[in-house]
Every structure is written in structure tokens, then in C-alpha cells.
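Derivation of every value follows stated rules applied to the coordinates shown; laboratory data play no part. In this text, all values refer to a predicted model and were calculated from it rather than measured experimentally. When we count neighbours, we look across all protein chains shown, and the Cβ atoms used for this are built from the backbone with ideal geometry, even at glycine.
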Amino acid sequence: MSPDVTGAPTITKTCETCGRTFEKPGLTGRFAETFARMLRHCDECAATQRATEQLQQQEARQAADDREWESRIQGSGIPRHLVAGLTLTGTPTRAADLCSQFANGQINGLFLTGPVGTGKTTLAGRAFAHRLRNRRGYWRSAPGLLADLGAPMGSATHGEALGVLTGRRMLGLDDLDKVRPTEYAAEQIYAAIDNAYIHRLPLIVTTNLELEELAKRWPHFGESIASRLADHCQTALVAGPDRRTLPKDDA
Ligand SMILES: Nc1ncnc2c1ncn2[C@@H]1O[C@H](COP(=O)(O)OP(=O)(O)O)[C@@H](O)[C@H]1O
Ligand SMILES: [Mg+2]
Ligand SMILES: [Zn+2]
């Protein structure tokens with residue numbers, strides 16, 4: 001029941017914030033005194049204080065989100081320079097659109113293909129890092145993943161590599177075509193991609209090869225790898241010059 005204010009006395013007080021005198025209708029009955037004591041700020045100062053508190057809460061939430069993001073970045077294994085910094089220019093429209101859709105969680109699979117040095121890893125890394133705000137992930141180059149799988153059984157490195165193959169995290173798989181196409185490597189790559197496929201995990205892949213070329217590349221597993229990628233991923237061509245050999249702008 002709301003307090004009865006009919007015929008209530010007017011309370012006159014000095015605002016503890018701005019020092020102005022203000023008036024408010026008081027209460028009658030046994031809470032009258034407590035109520036009058038609690039009235040310490042004029043309406044304007046009270047509103048300002050509430051707004052300030054809301055802002056502080058928002059900032060605290062943002063800071064907590066940023067700390068969580070930082071821990072996910074570190075835990076994912078993505079190289080720091082791929083997360084931010086460079087201002088990206090000249091990205092083909094389809095690739096740019098799909099990358100921002102991946103970053104925002106609108107699509108769950110993205111396959112970036114194109115010649116060497118066109119910016120595939122840079123684009124994929126940026127999109128992957130952005131999506132880490134919403135979920136945990138592993139970032140591995142395909143050769144790196146194979147090397148980690150060869151680490152001693154029971155080591156943290158080996159354990160995490162198994163996590164890539166069997167866990168439930170998003171996966172960024174860079175340079176998919178850069179492992180020697182042995183049957184062992186094909187089987188591991190298949191396991192990682194199949195895991196993302198069957199659990200509908202976010203997956204972003206970069207490679208110099210088209211899907212059909214990848215299909216032919218891997219003994220026994222190539223077709224299966226390519227067909228899962230085709231089903232799970234949108235494909236974008238990242239064309240353009242090799243940015244590594246372009247003249248550097250010193251500005
Ligand atoms: N959109 C971009 N704008 C400016 N520089 C870029 C852009 N994309 C990539 N680079 C730079 O070009 C080089 C090659 O990019 P990278 O993403 O590694 O290419 P890829 O993975 O296609 O071989 C890197 O030094 C990178 O910093
Ligand atoms: Mg690359
Ligand atoms: Zn005031």
C-alpha cells in the first residue's frame with residue numbers, strides 16, 4: 001500500500017548537494033519523521049545522482065566485458081596484431097560484408113579464399129576477435145594445429161589441440177592449405193572441421209585454395225572436408241595485389 005500523503009505537512013529542507021532550499025509534501029503517521037530525515041536532496045540533484053549511478057554501473061559492466069574479452073583474446077591464441085590497430089582499406093565488398101556478419105554472429109561459417117597476401121588472415125582475425133566478445137574460441141594456423149597435436153601427450157599444448165578437435169568453441173583456422181597433405185594431417189583437419197560442422201560452431205577459415213582444389217588435395221578426407229565447408233560456410237574471394245610486396249606507405 002502506498003503511503004498516505006493527503007493533508008500531509010510540507011517539509012522544507014536544504015539540499016545537501018546544491019544548498020538550495022526545497023519543499024516536498026511529507027507524510028503523516030509513524031514514518032513521517034524517517035521520511036523527512038531521508039529527504040536530503042532536491043528533485044534535480046536526486047535525478048542527477050540517479051543518472052550518475054546508472055552511468056557508473058554501465059561503465060563497470062563495460063569494464064567487466066572488456067576484461068572478459070581480453071582474457072578470451074589471450075586464451076584463443078590469436079596473434080595480438082590481428083586483433084586491432086591496422087586501419088583496413090580496399091577490402092572487397094562481399095568479403096567485408098560477410099566478415100562483419102560473422103563478427104556480429106549473423107553467420108556461423110566463413111571461408112575466405114584468394115591469392116597470397118591479399119589480406120585474408122587480417123580480415124579473418126579481425127572478425128574472429130570481434131566475435132570473441134560473445135563466445136570463446138581457438139585461433140590456430142593449420143600447420144600450428146598439426147604441430148600442437150604432435151606435442152607430448154598430457155601437455156597443455158596437446159590438450160588444447162584436442163580441444164580444437166573435440167570441444168565446443170569457435171574456431172579460426174588460418175592457412176588451411178599450408179599443411180603437407182599426409183593422411184594423418186588430413187584426418188586431423190577433418191576432425192576439426194567435422195567437429196565445428198556437427199556442433200554448428202562458428203568457423204572461419206582462410207586458404208589460398210578453392211574448395212574444389214582442397215577436395216583434391218587431401219588423401220581420403222578431401223571430399224568430406226570440402227563438402228562440410230561448403231555446407232557450413234559462406235565463401236568470399238579476397239582478391240587484390242599481394243600487400244606484402246606493395247610499396248610501404250611511411251606516413
Ligand atoms: N585491408 C588491409 N589494409 C591494409 N593493410 C592490410 C590489409 N589487409 C592486410 N594488410 C597487410 O597486408 C599484409 C598481408 O596480409 P595478410 O592478411 O597476412 O594476407 P593473406 O592472409 O591473404 O596472405 C599484412 O602485412 C597485413 O598487415
Ligand atoms: Mg594468411
Ligand atoms: Zn539540489
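Could you tell me which trypsin sites (Lys or Arg not before Pro) in segment 149-250 are loop residues by DSSP with no more than 16 other beta carbons within 10 angstrom of their beta carbon?
On the way: sites: Arg168, Arg169, Lys178, Arg200, Lys216, Arg217, Arg228, Arg243, Arg244, Lys248; in loops: Arg168, Arg169, Arg200, Arg243, Arg244, Lys248.
Here the trypsin sites (Lys or Arg not before Pro) that fit, given the DSSP loop and packing criteria, are Arg168, Arg200, Arg243, Arg244, Lys248.
Could you please report the charge total around Asp231, scoring K, R as +1 and D, E as -1 over all other residues with beta-carbon less than 14 angstrom from its beta-carbon? Please list the in-between numbers first.
On the way: positive: Arg200, Arg228; negative: Asp194, Glu223.
For residues surrounding Asp231, the net value is 0.
When Lys and Arg each count +1 and Asp and Glu each count -1, what net charge do the other residues less than 13 Å away from Leu98, Cβ to Cβ, add up to?
Numbers: positive: Arg94, Lys120, Arg126, Arg131; negative: Asp97.
It works out to a net charge of +3.
What are the semi-axes of the equivalent ellipsoid for segment 56-116, taken as the square roots of 5 times the Cα gyration tensor eigenvalues, largest first, in whole Å?
Numbers: eigenvalues 147, 44, 32 Å².
Ellipsoid half-lengths, sorted descending, are 27, 15, 13 Å.
Set the Förster radius R0 to 45 Å, insert the Cβ-Cβ distance between Thr245 and Gln58 as r into 1/(1 + (r/R0)^6), and round the FRET efficiency to 0.05. Please list the in-between numbers first.
Details: r = 46 Å, r/R0 = 1.02.
Using R0 = 45 Å, I get an efficiency of 0.45.
Under the definition of Cα pairs under 8 Å and six or more residues apart, what whole-number percent is the relative contact order of the chain? Don't skip to the end; give the middle numbers.
Numbers: 364 pairs, mean separation 49.5, N = 251.
Relative contact order comes out at 20 percent.
Against the 2.2 N^0.38 Å scaling, with N counting residues, where does segment 99-251 land? I'd like the Cα-based Rg ratio to two decimal places. Intermediate values should be presented prior to the final figure.
On the way: Rg = 15.2 Å, N = 153, 2.2 N^0.38 = 14.9 Å.
The value comes to 1.02.
Given only helices, namely DSSP H runs of n ≥ 4 each adding -39500 (n - 2.57), what is the per-residue ellipticity at 222 nm of the chain, to the nearest 500 deg cm²/dmol? Walk me through the intermediate numbers first.
On the way: 9 runs with 117 residues, N = 251.
Computed ellipticity for the chain at 222 nm equals -15000 deg cm²/dmol.
Using DSSP to call loops (not H, G, I, E or B), can you name the trypsin sites (Lys or Arg not before Pro) in segment 56-136 whose Cβ has at most 13 other Cβ atoms within 10 angstrom? Present the calculation step by step, with values, prior to reporting the outcome.
Details: sites: Arg61, Arg67, Arg72, Arg80, Arg94, Lys120, Arg126, Arg131, Arg133, Arg135, Arg136; in loops: Arg133, Arg135, Arg136.
Answer by residue number: Arg135.
Based on the inverse mean of 1/r over its pairs of different Cα atoms, what is the Kirkwood hydrodynamic radius of segment 1-116, in Å? Present the calculation step by step, with values, prior to reporting the outcome.
Numbers: mean 1/r = 0.0491 Å⁻¹.
After inverting the mean inverse Cα-Cα distance, the result is 20.4 Å.
Most fluctuating residue of Ser155, Ser227, Ser141 in a GNM of the chain with Cα springs under 10 Å: which is it?
Ser155
Highest GNM mean-square fluctuation, the chain, Cα pairs closer than 10 Å: which of Leu201, Leu86, Leu149?
Leu86
Across 10 Å bins from 0, what is the distribution of all Cα-Cα pair distances for segment 8-75, in whole percents?
19, 29, 20, 14, 12, 6, 0
With springs only between Cα atoms under 10 Å apart, run a GNM on the chain and tell me which of Pro25, Pro152, Pro202 wobbles the most.
Fluctuation is largest for Pro25.
Residues of segment 229-243 with backbone nitrogen within less than 16 Å of a virtual label 7 Å along the Cα-to-Cβ line of Asp97, please, listed as ranges.
Answer for this model: 234-239.
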